[in-house]
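The values are calculated or read from the model by the stated rules, or taken from the named source; none is laboratory data. This is a predicted model, so every value here is computed, not measured. A quick note on method: Cβ atoms are made from the backbone with ideal geometry, for glycine too, and the neighbour counts reach across all protein chains shown.
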Amino acid sequence: MKKFSLIFQELIYDFVHWAIQPLKPLLKPNSRMEKIIIPLEKLAKEVAYNCQMCGQCILHSTGMVCSMNCPKNLRNGPCGGVRLNGHCEVKPEMKCIWVRAYEGASLMPKYGAELLRVQPPVKRNLQDSSAWVNMLHGLDESSKVEWLSAEEQEKLEDLWSK
Ligand code: SF4
């Protein structure tokens, strides 16, 4: 059941990605249109993922779990404090976001391997802006450097598929 839900979410992600491309000329950063779209994006993603509006969404790379809900805002895997039961050291009642991300990614045929992608440092100046608008204009990518060569990335993805 969970697997079907995640496959469905992958399809939704692809659909949204495709559907907003033609809107690029309208959806400019800091525009009136962005101000209109922010509450819609917030509503949709808050209900489904408890989105924290970081403005640089990596949901599809983290098993459809929002890594900004990690109390330490870690975007590249868990800290050393995960408890033996898989719960968070800061909030013991909460399952570690990265345990959930691993579980989700393991069930995602299309984007699961992206869990291995090394994420760049979060850009705090994008907080509370629209991740959709930022993605359209590449603002979420601009701090990215090549953390891994294409060959290294391929090796990781091979390992994942075994
Ligand atoms: S990664 Fe950022 S934009 Fe995506 S759901 Fe989490 S806080 Fe929201």
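Numerical summary
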quantity	calculated
Check on residue 113, within 16 Å of the ligand (Cβ to nearest atom), under 22 Å from residue 2 (Cα atoms) and assigned to a helix (DSSP H, G or I)	no
Filtered residue count, the stretch 64-91, keeping only those that are within 14 Å of the ligand (Cβ to nearest atom), assigned to a loop (DSSP other than H, G, I, E, B) and under 23 Å from residue 112 (Cβ atoms)	8
Qualifying residue in the stretch 126-140 (condition: away from the ligand (no atom under 14 Å from the Cβ), farther than 23 Å from residue 6 by Cα and without any contact (Cβ under 8 Å) to a residue 12 or more places away in the chain)	yes
Selection count where residues are near the ligand (Cβ under 9 Å from one of its atoms) and in a loop (DSSP other than H, G, I, E, B), scope the stretch 46-63	10
Filter result for residue 82 (farther than 15 Å from residue 13 by Cα, of a type in the set (A, V, I, L, M, F, W, C) and either modelled with pLDDT of 95 or more or buried (at least 16 other Cβ atoms within 10 Å of the Cβ) (or both))	yes
Single residue of 10, 41, 34 found to be within 9 Å of the ligand (Cβ to nearest atom), surrounded by 15 or more Cβ atoms within 10 Å (Cβ to Cβ), touching a residue at least 40 places away in the same chain (Cβ under 8 Å) and not in a loop (DSSP other than H, G, I, E, B)	41
Lone unmet requirement of (1) under 26 Å from residue 121 (Cα atoms); (2) in a helix (DSSP H, G or I) for residue 5	(1)
Scan of the stretch 116-135 for residues that are of a type in the set (A, V, I, L, M) and part of a loop (DSSP other than H, G, I, E, B), ordered by number	118, 122
